[in-house]
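Engineer: Attaching a single structure in structure tokens format; questions to follow.
The values are calculated or read from the model by the stated rules, or taken from the named source; none is laboratory data. Keep in mind the model is a prediction, meaning the values are calculated, not measured. Every residue, glycine as well, gets a Cβ built from its backbone with ideal geometry; the counts of neighbours run over all protein chains shown.
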Amino acid sequence: MSKKKWIVVAFALILIIASSLSNAFQQPTDKRLSEEWANETIDSMFGISKDFTEKVREEGSSDQRILVIPIEGVIGAGSPTYDQDLILDTIEQIRSDNTIKAVLFDLNTPGGAVYETREAYDLFKEVIAEREIPVYASMGQVAASGGFYYAMLADKVYATPETITGSIGVIMSGYNMKELYDKVGVDPYVFKSGKMKDIGSTTREMTKEEEEVFQAYIDEAFDRFVQVVVDGRDMSEERVRELADGRIYTAKQAKDNGLIDDILYYRQVIDLIRQENNLESAEVFEKTAPQDRFNSLFPAFMKSEDNYAEQFDQILNRVKEEVLPQIEYRWEGGM
């Protein structure tokens, strides 16, 4: 972990402790009330509750509603802005909530983890097959790679004039730190049951055979991405592969190439949904996760752990993860 990240963690702890000491002077004197107060304080600080709530974006009829699903920031378990549990819970609600008459993906993401992206994609396809309601996508500042993958769930896709999109493809990145270890005198060792058990190790050069293993995985993931675009945009596989060399597109380029339907801002897409689906009086809402002081100061991977010592173990684990190869649907120039 970088020095800057340790400073953030230390500062957050100081804030929590100072706030707790301040509140202690207001603690109830009754023992039972004191216990309740303590439990509520701990729950608030550490985010034990994982109940999701609804947030109204635009007032309207509760009998017919437009559900907005924000996809914000890097997709994955370690993102402070993306919550996979929240996304899946929101999608599941569509299955049984008949007041939801249309869905809008509000995208502002460079993409991210292959697993989380595909898990949400498959669940949404399953649910929407049951409901058969219109689905739209509105691209914000960036909707690239995994963000574009999400957009392929929509019947109609819109971007703003300044949206960065495209980057259709898969990427794996990591580090070879052998020379650094040699320079500082670190001599790593490993005992393994097979020659590829430590594939992706940062302590040595990757072999040609190992490169082929990773490339085969990336090729399979890329094939799935291509098929998602073929299905989502009703294009030929040949044409998609021509466009899917990893490059980013402007909104105009994306429209000219058939990757989006038109250039509109979010508010215009909402108006369009109302007009095209007779939803002029519909409420517009989204689902949100509870916010608390602890979770606002620490990354998402530290949420909702019963044993808080484990949360700090996860910090150390995240350091290790940062240097392991990451296979993603992600535009590396993104957020």
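Engineer: All but one of (1) over 19 Å from ASP261 (Cα atoms); (2) outside any loop (DSSP other than H, G, I, E, B) hold for THR203; which doesn't?
Structural biologist: (2)
Engineer: Determine which single condition PHE214 fails, assuming it passes every other condition in (1) among the hydrophobic types (A, V, I, L, M, F, W, C); (2) assigned to a helix (DSSP H, G or I); (3) under 30 Å from LEU67 (Cβ atoms); (4) in contact (Cβ under 8 Å) with a residue 60 or more places away in the chain.
Structural biologist: Single failed check for PHE214: (3).
Engineer: Right, here's the next one. Going by what's in this entry, would TYR249 be described as modelled with pLDDT of 95 or more and under 30 Å from THR99 (Cα atoms)?
Structural biologist: So TYR249 fails the test.
Engineer: State the number of residues belonging to segment 163-205 that are hydrophobic (A, V, I, L, M, F, W, C) and either under 30 Å from ARG239 (Cα atoms) or in the same structural domain as ALA144 (by TED's automatic domain parsing) (or both).
Structural biologist: Residues that pass the stated criteria total 5.
Engineer: Please tell me if THR99 is closer than 28 Å to ASP256 by Cα and not small (Gly, Ala, Ser).
Structural biologist: no
Engineer: Next question. Quick check on my filter: what residues within segment 263-282 are at negative phi and either hydrophobic (A, V, I, L, M, F, W, C) or outside any helix (DSSP H, G or I) (or both)?
Structural biologist: Listed by number, the residues that qualify are ILE263, LEU264, TYR265, VAL269, ILE270, LEU272, ILE273, ASN277, LEU279, GLU280, SER281, ALA282.
Engineer: Looking at segment 166-186, can you tell me whether even one residue there is under 11 Å from the mean Cα position of the chain (by Cα) and farther than 21 Å from VAL269 by Cα?
Structural biologist: Among the residues of segment 166-186, not one is under 11 Å from the mean Cα position of the chain (by Cα) and farther than 21 Å from VAL269 by Cα, which makes the answer no.
Engineer: Is there any pair linking a residue in segment 82-93 that is under 15 Å from ILE66 (Cα atoms) to one that is of a type in the set (Gly, Ala, Ser), with Cβ under 7 Å and at least six apart or on different chains, and which?
Structural biologist: Note: pairs meeting the criteria are ILE91/ALA120.
Engineer: Any residue at all in segment 217-235 that's within 29 Å of GLY140 (Cβ to Cβ) and not in a helix (DSSP H, G or I)?
Structural biologist: yes
To keep it simple, each residue is scored yes or no on (1) out of contact with any helix residue (DSSP H, G or I) (no Cβ under 7 Å at 6 or more places or on another chain); (2) surrounded by 13 or more Cβ atoms within 10 Å (Cβ to Cβ).
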{"residue": "LYS192", "(1), (2)": "yes, no"}
{"residue": "LYS195", "(1), (2)": "yes, no"}
{"residue": "ARG204", "(1), (2)": "no, yes"}
{"residue": "GLU210", "(1), (2)": "yes, yes"}
{"residue": "PHE222", "(1), (2)": "yes, yes"}
{"residue": "PHE225", "(1), (2)": "no, yes"}
{"residue": "VAL228", "(1), (2)": "no, yes"}
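Engineer: Taking only segment 236-250 into account, find how many residues are on the phi < 0 side of the Ramachandran plot and part of a loop (DSSP other than H, G, I, E, B).
Structural biologist: Here the count works out to 5.
Engineer: Then there is this: Counting only residues that are aliphatic (A, V, I, L, M) and within 30 Å of ILE199 (Cβ to Cβ), which one in segment 156-177 is surrounded by the fewest Cβ atoms within 10 Å (Cβ to Cβ)?
Structural biologist: Among them, the one singled out is MET172.
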